[in-house]
Amino acid sequence: VPRLCEPCRCACESETDVAGLHFRDRTVTSTSFADGAEIPAKYTGAQGVSPQLSWSGAPAATAGYVLIMHDVDVAIPAGNLHNDITHWVVWNIPPSTTSIPEGGPVPTGANQLSMRGPQYMGPAPPPGHPFHHYIFEIYALNAPLDVAAGATRPDVEKAMEGKIIARGAYVGRAKPAQ
């Protein structure tokens with residue numbers, strides 16, 4: 001079993017995770033901040049602007065993408081990546097799309113959600129907390145998702161089961177506002 005890095009659980013030390021999904025064939029980049037760096041204030045807080053994201057290396061069978069941004073440092077219980085804070089989910093991103101511009105919009109035909117509704121929710125760790133890690137995961141799927149607008153992250157993740165053919169991740173850190 002390959003070692004998965006913490007806190008993002010990406011397979012940065014390995015070509016595949018335990019399910020055999022290729023991680024390194026999906027390159028995720030951003031012009032908004034460096035991978036692993038502090039997320040600039042412009043992209044944080046309730047009114048934060050969504051950062052620019054790009055990806056490449058899609059498998060030929062890609063029929064669409066899902067983007068999930070979440071804060072892994074507030075998982076309940078600690079370390080449970082299924083009970084962390086959802087900041088942004090975008091699904092049914094067309095297979096021809098390889099980026100989302102700063103501030104959006106999301107591609108035509110895609111749906112989005114966060115804890116604040118159908119929009120990006122910037123990082124905002126609570127006062128007194130250390131840096132939090134925000135993971136932007138891009139999943140390549142072999143079929144579109146039959147998930148309507150207004151769905152929840154668990155609805156999207158359930159619909160993704162058996163359709164994930166590749167995944168890439170990008171990490172940003174944010175600290176509480178001073």
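Once backbone amide H atoms are built at 1.01 Å from N, His87 has Met69, His70, Asp71 as its partners under 5 Å, excluding neighbours fewer than 5 places away on the same chain.
In order along the stretch 31-39, the Karplus-derived 3J(HN,Hα) couplings, from 6.51 cos²θ - 1.76 cosθ + 1.60 at θ = phi - 60°, round to 8, 7, 6, 6, 4, x, 8, 5, 7 Hz, and Gly and Pro are given as x. Packing, taken as the mean count of other beta carbons within 10 Å per residue, orders the peptides 116-122, 35-41 from highest to lowest as 116-122, 35-41. Give me the base-10 log of I(q)/I(0) for the stretch 87-148 at each q in 0.22, 0.30 Å⁻¹, Debye formula, one uniform scatterer per Cα, rounded to two decimals. The calculated log intensity ratios at q = 0.22, 0.30 Å⁻¹ are -1.01, -1.51. I want the local charge near Pro40. Using Cβ-Cβ distances under 15 Å, sum +1 for each Lys or Arg and -1 for each Asp or Glu among the other residues. So the environment of Pro40 carries a net charge of 0. Applied to the stretch 94-109, the Karplus parametrisation 6.51 cos²θ - 1.76 cosθ + 1.60 on θ = phi - 60° returns per-residue 3J(HN,Hα) values of x, x, 7, 7, 10, 6, 10, x, 3, x, x, x, 6, x, 4, x Hz, with x for Gly and Pro. If the viscosity is 1.567 mPa s and the temperature 4 °C, what Stokes-Einstein diffusion coefficient in µm²/s follows for the stretch 44-178 when Rh is the Kirkwood radius over Cα pairs? D, rounded to a whole number, is 85 µm²/s.
Bear in mind these aren't lab numbers, they're just calculated from the coordinates by the rules spelled out. Quick caveat, the model's predicted, so the values are computed rather than measured. Virtual Cβ from ideal backbone geometry, glycine too; neighbours counted across all protein chains shown.
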